[in-house]
1. Go through (1) over 26 Å from the mean Cα position of the chain (by Cα); (2) touching a residue at least 60 places away in the same chain (Cβ under 8 Å); (3) part of a helix (DSSP H, G or I) and name the single condition residue 264 misses.
2. Consider residue 125 against the criteria (1) without any contact (Cβ under 8 Å) to a residue 60 or more places away in the chain; (2) surrounded by fewer than 20 Cβ atoms within 10 Å (Cβ to Cβ): it satisfies all of them except one. Which criterion is unmet?
3. What number goes with the only condition from (1) without any contact (Cβ under 8 Å) to a residue 60 or more places away in the chain; (2) touching a helix residue (DSSP H, G or I) at 6+ places or on another chain (Cβ under 7 Å) that residue 296 does not pass?
4. Can we say residue 426 is more than 26 Å from residue 342 (Cβ to Cβ), modelled with pLDDT under 85 and under 24 Å from the mean Cα position of the chain (by Cα)?
5. Can you work out which of the residues in the stretch 309-327 that are more than 16 Å from residue 42 (Cα to Cα) and assigned to a helix (DSSP H, G or I) is modelled with the highest pLDDT?
6. Go through (1) among the β-branched types (Val, Ile, Thr); (2) buried (at least 16 other Cβ atoms within 10 Å of the Cβ); (3) over 30 Å from residue 373 (Cα atoms) one by one and return the number of the condition residue 317 breaks.
7. Say whether the condition of being within 22 Å of the chain's Cα centre (by Cα), of a type in the set (Gly, Ala, Ser), buried (at least 18 other Cβ atoms within 10 Å of the Cβ) and closer than 26 Å to residue 346 by Cα is met by at least one residue in the stretch 460-472.
8. Output the residue which, of all residues in the stretch 136-150 that are under 17 Å from residue 343 (Cβ atoms) and of a type in the set (Val, Ile, Thr), is surrounded by the most Cβ atoms within 10 Å (Cβ to Cβ).
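The values are calculated or read from the model by the stated rules, or taken from the named source; none is laboratory data. Only a predicted model underlies this, so the values are computations on that prediction, with no experimental measurement involved. Counting neighbours? That spans all protein chains shown, and the Cβs are built from the backbone with ideal geometry, glycine included.
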Amino acid sequence: MPDSSTAVAEPRTGGATTEDPHHSRRWLILVVISLAQLMVVLDSTVVNIALPTAQHDLGFSSDARQWVVTAYALAFGSLLLLGGRVADLFGRKYALLIGLAGFAAASAIGGAANGFEMLVIARAAQGVFAALLAPAALSLLTTTFTDVKERGRAFGIFGAIVGAGAAIGLLLGGVLTEYLNWRWCMYVNIVFAVIALIGAMTLLVHRPSEHRPKLDLPGTVAASGGLFALVYGFSNAETHDWSSALVWGFLAAGVVLLIAFVVLQNRTKHPLLPLRVVLDRNRGGAYLAVFMLGIGMFGIFLFLTYYLQQNLGFSPVTSGVAFLPMVAALMITATTATATLLPRFGAKPLVGIGMLVAGAGLFWLSAIDTSSTYANGVLLPLIVVGLGIGLSMAPSMNVATSGVARHDAGVASAMVNTGQQVGGSIGTALLSSIAANAVTSFAAGKAATPQVMAEAAIHSYTTAFIWAGAIFVAGAVICYLLLKPGVQEQPAGEPAAVHM
């Protein structure tokens, strides 16, 4: 029996092509939505490099510094499902335009911040508009590219941008901070947003949705509150002990609210997240893959950046350049996997093998010590990690949004971003806690000499790499068991009606 969420399709005909005004300009649309997504992804790391300079300039404490990062993550992560459903109900073009304009305005305010409070409010506003922008971009990609081969190429490019965005953010943040000013780490978003805004206004056509159910307010409150509590709890774990009520209390509240959300979705006539979207085996496995990739990826960027700057003495710009081989490897496998391998072998082997390869690269990276250099200890393992992430990330995103009913495309896309965002929050908190404990246990009973402290720091990084590698391996096994074998059947033509 076919999945109830499968989109109704018609054979590709001349009429279908003319019915969809986006078809003839689909590759230009891909450029626009890729640029919008790049802005959202790199903004999670571009500010990190600028934080020490911003802290000195605005005079806020080190304890307050984390909120510049956390404010964005909280707003973004907790509002993604709502943003996806709003895009479904009121039009993806309008959601994209409002998201881009709002993100640009928030970035301008953040760049002009004259104090800590103004900067944090601007970062939270960026997160709000990113939660509207990101699902709209991915759902536009889903509904614009319906030909199997073209869809594979498009998702390969999009997946490569998502996987490489954080590393590009580190490089861009280093360049802007070193050669201009930390404020340009905020202002640069205006450039991205304006270009994407002009492109979206020119290329996209608004089509009102035929499905205008009432917005699920109880579900929205439960989902947003649950995701907020989870992200907040894991964010607190970076600066508080796991036994603190600010950690376990919010994590417990998040779990309770998300359970309540699932119950509500089963009972309401117009659910915020129709459970048919996530209960499909392939999509469920793909969402889980994106979630677990998010856990491991953020660990790589965080701890390897520390190692490059604090142990090898790299500048922020050089640290960003050091990630480029990984970015290149990721882009190669991401585009190849979805355009060539996915139509031939299906997602099951690609996601499993990709996560195993990435895990192997992390285990290899854990062999660094105080005598290692970038060339003999980091370069080759980093390339292997990039190859593995690209092989698994792009196919996962493709499968996660494939075969979804057109009126659910926005919320299905939001689930991809939610998985990555929550996975990143969990990964940062969990691996930071593990690394901190590793430093303490290594240095216990030893004199705090520079050599011992350097060894302790590297021990903390390698411990985090081992755990991240283990998470990838566990993810490979779980996702391999969940994903269906063979090539997933996809519609051969354009959707009968595409609501933008």
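1. Just one mismatch for residue 264, condition (2).
2. (2)
3. That leaves (1) as the condition not met.
4. yes
5. By that ranking, first place goes to 325.
6. It is condition (3) that residue 317 fails.
7. yes
8. Only one residue fits best here, namely 142.
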